[in-house]
1. May I ask you to list pairs of residues, at least six apart or on different chains, whose Cβ atoms are under 8 Å apart, with the first in segment 119-142 being free of Cβ contacts under 8 Å to residues at least 60 places away in the same chain and the second being among the hydrophobic types (A, V, I, L, M, F, W, C)?
2. Can you name the number of the only condition in (1) at pLDDT 80 or above; (2) farther than 30 Å from GLY64 by Cα; (3) buried (at least 17 other Cβ atoms within 10 Å of the Cβ) that GLN207 fails?
3. Sort through MET316, MET342 and tell me the only one that's buried (at least 23 other Cβ atoms within 10 Å of the Cβ) and within 19 Å of LEU269 (Cα to Cα).
4. Can you tell me which of SER43, SER9, SER13, SER36 is of a type in the set (Ser, Thr, Tyr), modelled with pLDDT under 80 and either crowded, with 16+ Cβ neighbours inside 10 Å or more than 19 Å from THR96 (Cα to Cα) (or both)?
5. Out of ARG268, ARG246, ARG200, report the one residue that is of a type in the set (Lys, Arg) and not in a helix (DSSP H, G or I).
6. In segment 88-142, how many residues are hydroxyl-bearing (Ser, Thr, Tyr), over 30 Å from LEU33 (Cα atoms), surrounded by fewer than 24 Cβ atoms within 10 Å (Cβ to Cβ) and in contact with a Leu (Cβ under 9 Å, 6 or more places away or on another chain)?
7. Is it the case that MET169 is more than 30 Å from ARG246 (Cβ to Cβ) and either of a type outside the set (Asp, Glu) or outside any helix (DSSP H, G or I) (or both)?
8. Considering each of ARG331, ARG279, ARG275, ARG268 in turn, give the residue that is closer than 25 Å to VAL152 by Cα and of a type outside the set (S, T, N, Q).
Amino acid sequence: MDRVAIFFSVFASTLGMMIIMPILGPLTRELGLTESQTGWMVSIASVVMAATGAWWGAKSDHWGRKTVILTGFAGLFVAYVLYTMAIDQGLKGLLTGLPLLAALFAGRALVGAFLAAVPASAQAYMADVTTSETRSAGMALIGAASGLGMIVGPAIGGVLALKGLIWPMVLATLLPVAAFIMVLIVVPRTAPRERATTRRLSPFAPQVRGWLAIGLLIMLTIVTLQVSGGFYFQDRLGLDNVATARFVALCLTLVGVFLVVTQTLQMRLLKWAPRRLVRAGTPFLIVSLLLLLATASEPTYAIAYALFGVGAGLAMPGYMSGISLGAAEDRQGAAAGLAALMQGVAAIIAPLGSTILYERSPVLPFLVITGLCAAAVVLGLFIGLPGVETPGSVAPITPEA
């Protein structure tokens with residue numbers, strides 16, 4: 001039952017963010033924000049998440065996993081209340097100009113600060129309750145929760161927006177309350193790690209640096225596809241705005257569905273070790289990107305996104321469990337924080353970098369991330385493997401693996 005609560009925790013945190021995505025463009029235009037101001041507002045949350053992810057992970061070692069998860073949801077509730085109030089005042093014309101912009105930026109930053117607490121502590125908790133043999137399946141459960149939020153969130157947000165742009169924000173505000181209550185009742189309290197034995201984990205430590213690099217490369221690929229995919233579809237297929245939005249929604253849903261299905265298979269049937277997951281997942285990512293580059297039709301693009309979902313469903317729990325297994329037991333919170341840090345760094349770099357590349361050539365961002373995936377394959381085969389060959393880690397690769 002505690003794993004169900006952890007699943008719901010990650011699902012709720014992802015759902016809250018994804019509910020807002022379908023209304024972000026029309027909402028910010030209704031508020032009078034420019035595209036660049038919208039971009040900066042979105043980036044602020046990623047910057048703050050990257051800055052606080054490792055800190056929350058370390059605090060989960062000191063305070064206990066449950067305490068940090070509860071703190072995260074309590075903070076998210078307050079942050080969403082303030083953010084929603086600012087939006088509501090802006091929609092009513094009671095808050096405009098620079099004060100509105102400052103309130104939106106502050107609210108979004110506060111959301112990012114507390115949002116980082118949930119996945120970091122959830123990963124650390126999963127590391128506490130799994131063995132080296134079941135670690136990959138445990139991390140796949142977290143990945144499946146995030147993937148499910150990616151599927152359900154945009155659909156719910158789009159439906160609620162029919163009643164008004166503020167309603168998705170209202171639901172995003174209520175979700176942390178439900179998650180807080182469930183975690184409070186269901187998840188057992190874990191004892192904090194002794195401060196004397198809790199140590200920092202350097203991202204350059206040999207045990208984890210290869211896995212962190214793989215995670216960064218994979219997340220750069222995922223975020224780039226999310227940001228540049230819509231532009232690419234519209235330019236390559238000649239779609240109008242409405243048709244582009246509809247097709248992007250379909251393709252992102254395919255990614256989420258195949259991600260969840262793949263990670264469910266990993267949990268229930270495959271139970272592969274981290275290295276095998278990365279070795280199997282990254283080729284799917286490469287094939288999907290090559291298909292996007294080589295073709296120009298809706299059916300092939302839909303297939304490409306489905307293949308991307310399979311690849312992400314394998315590779316993401318692979319690098320997450322690789323980082324966890326490369327860290328000592330008293331550093332699991334720090335390890336989870338570093339994994340969250342890589343996601344945050346990717347969310348900062350990829351949007352700006354991919355759009356700059358896209359302005360030079362529409363195919364350039366996809367060529368770059370294809371190269372990043374190839375680099376992840378190399379890291380998974382040769383660099384990342386010896387770093388986790390420590391007691392309690394996964395076994396070395398064999399020809400039969």
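1. THR130/ALA137
2. For GLN207, the exception is condition (2).
3. Going through MET316, MET342 in turn, just one is buried (at least 23 other Cβ atoms within 10 Å of the Cβ) and within 19 Å of LEU269 (Cα to Cα): MET316.
4. Of SER43, SER9, SER13, SER36, the one residue that is of a type in the set (Ser, Thr, Tyr), modelled with pLDDT under 80 and either crowded, with 16+ Cβ neighbours inside 10 Å or more than 19 Å from THR96 (Cα to Cα) (or both) is SER43.
5. Working: ARG268 fails: not in a helix (DSSP H, G or I); ARG246 fails: not in a helix (DSSP H, G or I).
None of the others qualify; the one that does is ARG200.
6. Summing the residues that are hydroxyl-bearing (Ser, Thr, Tyr), over 30 Å from LEU33 (Cα atoms), surrounded by fewer than 24 Cβ atoms within 10 Å (Cβ to Cβ) and in contact with a Leu (Cβ under 9 Å, 6 or more places away or on another chain) in segment 88-142 gives 1.
7. no
8. Every option except ARG268 fails the conditions.
The values are calculated or read from the model by the stated rules, or taken from the named source; none is laboratory data. These numbers were taken from a predicted model, which means no experiment stands behind them. Reconstructed Cβ throughout: ideal geometry from the backbone, glycine too, with neighbour counts over all protein chains shown.
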